[in-house]
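For reference, the structure is listed below as C-alpha cells.
The values are calculated or read from the model by the stated rules, or taken from the named source; none is laboratory data. Computed from a prediction, not measured in an experiment: that's the story for all the values here. In this analysis, Cβ positions are derived from the backbone assuming ideal geometry, glycine residues included, and neighbour counts consider all displayed protein chains. SASA here: full protein model, heavy atoms, side chains in, ligands and nucleic acids out. Shrake-Rupley method; radii C 1.70, N 1.55, O 1.52, S 1.80 Å.
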Amino acid sequence: MADAKPFYWEDRPEPVAPEVFTIEGGRPLSGTVPISGAKNAALKLMAAATLTGERCRFTNVPEIEDVRVMAETLRDLGVVVDHPEPNVYEVASGDVEWLFVPLEAAAKMRASFMLLGPLLSRFGRVIISNPGGDRIGRRPVDLHVDAMRAMGAQIDYRNGYFFATAPGRLRGSEVRFPTVTVMGTENAILAATLAEGHSVIRPAAREPETDDLIAFLRKMGADVERTYADTIEVNGKRRLRGAEHAVIPDRIEAGTFVVAAAVTGGTVRLERAPCDHLGAFLEIAERVGVGITCGTDTIDVDGTPLLDGGYRAADVETAPYPGLATDLQPPTGVLLSQATGTSNVHETIFEDRLEWLGELRKMGADVRLIDEHHAAIAGPSRLSGAEVEIGDLRAGASLMLAALAATGTTTIHGAHHVHRGYENIQRKFQDLGARIERRAEGTPVTTS
Ligand code: EPZ
C-alpha cells in the first residue's frame, strides 16, 4: 500500500481559484441524487486517527475541499495520508514529527482546531493557530481551551497561537460547558480518550456526527459512551489501535437537495439519505407543504404543491441537535420565500448567519432583517435571475437553490466556497435536469 499514488489528486491541493456559477432557473428538478458522506463527521474522524500510530481507513469520505485541506494539514505534521481511490482515505500517524498547526490551515478550515485534543493527549504538547471568526460569527474557541485546562493542560496564547502542554498525562475530569458546542464536545472527547481516569462531558453535543465519532473511537478501543442524551463519559486508555470506519451520510447536503426539489416544483429521490437525522427539518418542510416520504435510506420529495401555490409560511428557530440545524437555516430560508404568508426566522447559534439574506433580496425575495438573530421572510416571492456574491458555504448552496427556483439567469460569484462542503454539487444538480455552468472568475460565459 505504501507506494499507492493518490487516485487523481496531487499531494498538495492547489489553492482554490475563484469561480462563478451561471444558473438558468425555472426548471422542475427530477430524478435521483446520491447523498455523500458527512463533512462534519469526516473531518473529526481524520483528526481522531492521530490518537494512534496504527493505520486508520475511512470509506464514504466526501470528495470536498475541506477534506483535502485536513489531509494536507495532517501531512504537514508528518502524518501519512493515502487516498487510494475516490471517497477512501487512509491515515497513519506513526511518525508525527511536527506538533504545529499553522495559521494557513486554520484560515482555510476551522476544523483544523480539532487537532488540539488528540495531539495534546497523545504527545503532551502542540502549538495550534487560533482559527478566529468567519462570515457566520465570532466563533471563539475559549470553551475548547477551558476543557483542556480542566483536564490539566497548560495553555498560553501568544501572537495568534495557543501553546499547549500537558505535563505527564492529561487527567480525566468533569467538563461542563456553559452552552452546547459541537467541536468543543468532540475535542474534549478526543482528549479524554488517552487521559488518565474518568471524564464527564456535559451538556454534550447530540449531533449525529458526534455519535459517528464515538462509534469510530470505540472501534479504536476507546472507552467512551453517551450515558445520557446530553452526557458523555470516557475512561482514558494508555493507547488506541487503528480501525476502519464508513462515514455517515451528510444530513445537511440531504436537506439542501430536499429544498432544491421543493422550490423548483420537482420530484426527486435522495439515496443514502439519513431521514432519521433530519427530524426537525423534515417536520418544517412538511408543515410548509412539501411532500416527504422516508424509506430505509431514501427520501422522496414532492415539490409539486409549489405549482398551485400550496406552500404555507412557518416560524422557525435553529437549535443544537435534535433542533433545526443552523446549517439548514439558509436553505430553509429559500423555501420560506416561496410560501404564502410571513415566516419568522430565529437564528440562535451564530450572530452573522442572516446577513446572506441581503443577496436573496437581490433576487426579489421579500426579506426583513430585524436584528442579528431575527429576520422575517414574506412570500410567495417570484425570484428572478441576478448577480450575487457568496460569502460562505451554506449561503452559497442556498443562492444556488434560489437561482434554480428563479426565472432567468443568475450569476453567482464566489462559487468555490461551495466546494468546501458539497461533493460535485454542480454535476448532481445537472443530473437532476438543472442548467448550470461553472467557470473560473473572469472567463467569459460559453453559451450553449
Ligand atoms: C460545528 O461548528 C459545525 N462545524 C458547524 O457547521 C455548525 O454550524 C455548528 O457546529 C453548529 O451546529 C463543524 O462541525 C466542522 P459550536 P462549531 O461550537 O463546533 C459558541 C458548516 O457549515 N462557542 O457548536 O464551531 C459559538 O460561537 C459549519 O458545516 C463559543 O462561544 O460550532 C456558537 O455561537 C458552519 N466558544 C455556539 O457556541 C467556543 O469555544 C455553537 O458553536 C465554542 C463555541
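Among the residues of segment 206-232, which ones are surrounded by 22 or more Cβ atoms within 10 Å (Cβ to Cβ) and in a strand (DSSP E or B)? Hits for segment 206-232 are VAL224, ILE232. Filtered by the rule that a residue be open to solvent by 20 Å² or more (accessible area, probe 1.4 Å) and part of a loop (DSSP other than H, G, I, E, B), segment 245-283 gives ILE248, ARG272. In the condition set (1) more than 10 Å from the ligand (Cβ to nearest atom); (2) in a loop (DSSP other than H, G, I, E, B); (3) open to solvent by 10 Å² or more (accessible area, probe 1.4 Å), THR179 is compliant with all but (1). Of the residues making up segment 393-418, those that are touching an Asp or Glu at 6+ places or on another chain (Cβ under 6 Å) and of a type in the set (Val, Ile, Thr) number 2.
Residue-level analysis places GLY168 among those that are in contact (Cβ under 8 Å) with a residue 12 or more places away in the chain and either away from the ligand (no atom under 15 Å from the Cβ) or surrounded by fewer than 19 Cβ atoms within 10 Å (Cβ to Cβ) (or both). Once segment 404-448 is narrowed to residues that are open to solvent by less than 60 Å² (accessible area, probe 1.4 Å), more than 11 Å from GLU19 (Cβ to Cβ) and under 15 Å from the mean Cα position of the chain (by Cα), the residue that is nearest to the ligand (Cβ to nearest atom) is GLY421.
Picking from GLU317, GLU351, GLU286, which residue would you name as being open to solvent by 10 Å² or more (accessible area, probe 1.4 Å), in a helix (DSSP H, G or I) and more than 30 Å from THR193 (Cβ to Cβ)?
GLU286
Inspection of segment 49-62 identifies at least one residue that is part of a helix (DSSP H, G or I), more than 15 Å from the ligand (Cβ to nearest atom) and closer than 24 Å to ILE252 by Cβ.
Consider segment 102-154 and keep the residues that are of a type outside the set (Asp, Glu) and free of Cβ contacts under 8 Å to residues at least 12 places away in the same chain. The one that is nearest to the ligand (Cβ to nearest atom) is PRO140.
May I ask you to list the residues in segment 195-205 that are away from the ligand (no atom under 13 Å from the Cβ) and open to solvent by 10 Å² or more (accessible area, probe 1.4 Å)? Of everything in segment 195-205, those that are away from the ligand (no atom under 13 Å from the Cβ) and open to solvent by 10 Å² or more (accessible area, probe 1.4 Å) turn out to be GLU196, GLY197, HIS198, VAL200, ARG202. One residue stands out among those in segment 320-348 that are in a strand (DSSP E or B) and of a type in the set (Gly, Ala, Ser): the one that is surrounded by the fewest Cβ atoms within 10 Å (Cβ to Cβ), which is GLY341. With the condition kept exactly as written, say whether any residue in segment 187-194 is within 16 Å of the ligand (Cβ to nearest atom), crowded, with 22+ Cβ neighbours inside 10 Å, assigned to a strand (DSSP E or B) and not aromatic (Phe, Trp, Tyr). No, every residue in segment 187-194 fails to be within 16 Å of the ligand (Cβ to nearest atom), crowded, with 22+ Cβ neighbours inside 10 Å, assigned to a strand (DSSP E or B) and not aromatic (Phe, Trp, Tyr). Cβ-Cβ contacts under 8 Å between residues 6 or more apart (or on different chains), taken from a first residue in segment 16-33 that is open to solvent by 50 Å² or more (accessible area, probe 1.4 Å) to a second residue that is assigned to a strand (DSSP E or B) and among the basic types (Lys, Arg), are listed as GLU24/ARG435; ARG27/ARG435; THR32/ARG269. The listed residues are LEU401, LEU393, and the only one of them that is under 17 Å from LEU282 (Cβ atoms) and either buried (at least 24 other Cβ atoms within 10 Å of the Cβ) or out of contact with any helix residue (DSSP H, G or I) (no Cβ under 8 Å at 6 or more places or on another chain) (or both) turns out to be LEU401.
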